[in-house]
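Below you'll find the structure, written out as structure tokens, and then a few comments.
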Amino acid sequence: MNLPGTVVERVAVTGVATGGRQAQQTVVLRLRNEGTQMVKPTGTLSVTDAQGQEVQHLPLKLDTFLPSTAIQYPVAVQKQALGAGQYHAKVDLTYGTSGVTSYEGDFSITAAQVAQVFPSSAPLAPPPVAAAGASAAPTTTVGTAPAQWTLFAGGAVLLVLALAGGIFLGRRGRSTDAAK
């Protein structure tokens, strides 16, 4: 919905940050529609590294952006993730009948941010190899506390079922004896 009064088409880029999860890194554009009209901005986001090399050139096509609202718009990084370091973003947007916005700003990515988006786990150790002619003896490992509680709870359930079954069978036997 457009606001009443003078027609104003104005979109502001107020900053750039990084984000992402589950191995999908994003550059997040902080945008604000400072106008009175709904707009659908299109444009580009260019990211250069500390040496001035362009590492991302991404098209932008936003859906309807309501007046007097602000959003954090995630743009998915393509092909090659951005590593820890310093970067420069350049955003160019067009919208409405003649609206144009440009923004340039620096941002950084820390090693912790990269690790958050791309978590890695240590590979599993290979199983032990038995020596030739030796019998492989089973090994016992002590589980973690949650695994021990699971085993304990399972044992308790089995004990309760066994007792209930014994009581049921005992009563059944008495009622059969009483019927004779």
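A few remarks follow.
- The lone exception for P74 - which of (1) surrounded by fewer than 16 Cβ atoms within 10 Å (Cβ to Cβ); (2) within 21 Å of the chain's Cα centre (by Cα) it fails: (1)
- Long-range neighbours under 8 Å by Cβ, at least six apart or interchain, first residue outside any strand (DSSP E or B) within region 6-32, second at pLDDT 95 or above and of a type in the set (D, E, K, R): V8/E34; R10/E34
Conditions tested, residue by residue: (1) small (G, A, S); (2) surrounded by 13 or more Cβ atoms within 10 Å (Cβ to Cβ); (3) at pLDDT below 95.
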site: K40; (1), (2), (3): no, no, no
site: T48; (1), (2), (3): no, yes, no
site: P59; (1), (2), (3): no, no, no
site: A84; (1), (2), (3): yes, no, yes
site: H88; (1), (2), (3): no, yes, no
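- Of all residues in region 47-104, those that are among the hydrophobic types (A, V, I, L, M, F, W, C), in contact (Cβ under 8 Å) with a residue 40 or more places away in the chain, assigned to a strand (DSSP E or B) and more than 25 Å from Q116 (Cα to Cα) total 4.
The values are calculated or read from the model by the stated rules, or taken from the named source; none is laboratory data. Quantities reported herein were computed from a predicted structural model and do not represent experimental measurements. A quick note on method: Cβ atoms are made from the backbone with ideal geometry, for glycine too, and the neighbour counts reach across all protein chains shown.
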